[in-house]
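Heads up, the thing below is written out as structure tokens.
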């Protein structure tokens, strides 16, 4: 059945994507998969998800809208269809989240021809894993307060500093790195690098264990680490402007990267199933009208997120370039946290059981999701910062005192 909102070619691609995903669903993983790419910590998890992303890329479901010269499909408006179909099929997510959602789109905008050809294909296929080197200790959400320094030495830059909260850093080959190349200016003194880190001289990666017991985050230390000048993106002193492109992509990525728990509708469906399967006083929790109302409210919220994602693809409906991206980041992350909180409440005392306990409801998903959700409300700039930006730069409100 054709979707009237799609054109003929888009409907044809939708049918292709749906059929391919139905016929090529990967086998069950040999290990427990994390809820998101932020929690990948073992090689077995990485290998399984990397293989899956590679197959989806070869099938034309990833990078659909990138030019063919840079490893893409050369289409227009196909990627959101592939994302939606992957979410519908409830297949594993596409794990190279920084490569897909931050590095590749930023390189496409600011990169040289050589940089686009060199870096984008591996980011799309997952063959080359990327991480993000923006956050630093004691810098909070002030991204311009960078202390990591890069000093020019001939045809290379020598980097010294410390980055933190680096998702996938323990597996990454490349890092999108902001470093200070001048101390004379706060914003104009920043530059943006495509930095090698896997086994690279002067780079040390150390895992950080979260309250979930997982170690998907890392801290990365640079000690006289050389970066070729040709790996600077956007020119010296333009790091702040390039980083804004990255953050716009990161904050607007709430539509999801494939399957897994990136689909808000699927999250609500899973919540409803938990309510049906959980007994309280001998009756399913789903019989409680208060719980039913809470689930319905989250279903309405989920539909709003889906429709906002659709709206963001229509230029005429985007009255401000930052509004929907920032709004989606705030509402999407808070939706995931709220859904997880409700899941914990529905599970009740059983939610105290850890994921390895055979008696844990839904294999311990909900407490893990709730504890892990705080990372998404902080990532890409804390939600409090996002609200300030929305108020000041989008709505034109005065700065708070």
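The values are calculated or read from the model by the stated rules, or taken from the named source; none is laboratory data. Since the model is a prediction, treat every value here as computed from it, not as a measurement. With ideal geometry, Cβ positions are generated from the backbone for all residues, glycine too; neighbour counts draw on all protein chains shown.
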Q) So, in segment 46-56, of the ones that are more than 16 Å from the chain's Cα centre (by Cα) and buried (at least 22 other Cβ atoms within 10 Å of the Cβ), which residue ends up nearest to residue 120 (Cα to Cα)? A) 56
(Q) Quick test for you: out of 55, 118, pick the one residue that is closer than 30 Å to residue 189 by Cβ, part of a helix (DSSP H, G or I), out of contact with any helix residue (DSSP H, G or I) (no Cβ under 8 Å at 6 or more places or on another chain) and not assigned by TED's automatic domain parsing to the domain that holds residue 375. (A) 118
Q. Could you list, in sequence order, the residues of segment 364-399 that are in contact (Cβ under 8 Å) with a residue 12 or more places away in the chain and within 23 Å of residue 275 (Cβ to Cβ)?
A. 365, 366, 367, 368, 369, 370, 371, 372, 373
**Q.** Residue among 326, 390, 353, 395 that alone is surrounded by 21 or more Cβ atoms within 10 Å (Cβ to Cβ) and either touching a strand residue (DSSP E or B) at 6+ places or on another chain (Cβ under 6 Å) or over 22 Å from residue 266 (Cα atoms) (or both)
**A.** 326
Q: Report yes if residue 318 is without any contact (Cβ under 8 Å) to a residue 12 or more places away in the chain, closer than 30 Å to residue 246 by Cα and either surrounded by fewer than 22 Cβ atoms within 10 Å (Cβ to Cβ) or assigned by TED's automatic domain parsing to the domain that holds residue 102 (or both), otherwise no.
A: yes
Q: Filter the strands (runs of 3 or more DSSP E) completely within segment 132-221 down to those with at least 2 residues that are free of Cβ contacts under 8 Å to residues at least 24 places away in the same chain and either surrounded by fewer than 22 Cβ atoms within 10 Å (Cβ to Cβ) or out of contact with any helix residue (DSSP H, G or I) (no Cβ under 8 Å at 6 or more places or on another chain) (or both).
A: 203-208
Q) List the pairs whose first member sits in segment 105-124 and is surrounded by fewer than 19 Cβ atoms within 10 Å (Cβ to Cβ), whose second member is in a helix (DSSP H, G or I) and at pLDDT below 95, and whose Cβ atoms are under 6 Å apart, counting only residues at least 6 apart or on separate chains? A) 109/245
Q: Mind listing whichever residues of segment 21-42 are out of contact with any helix residue (DSSP H, G or I) (no Cβ under 8 Å at 6 or more places or on another chain) and without any contact (Cβ under 8 Å) to a residue 60 or more places away in the chain?
A: 23, 27, 28, 42
Q: Give segment 273-285 a look and list any residue that's surrounded by 18 or more Cβ atoms within 10 Å (Cβ to Cβ) and assigned to a helix (DSSP H, G or I), or say none.
A: 274, 275, 285
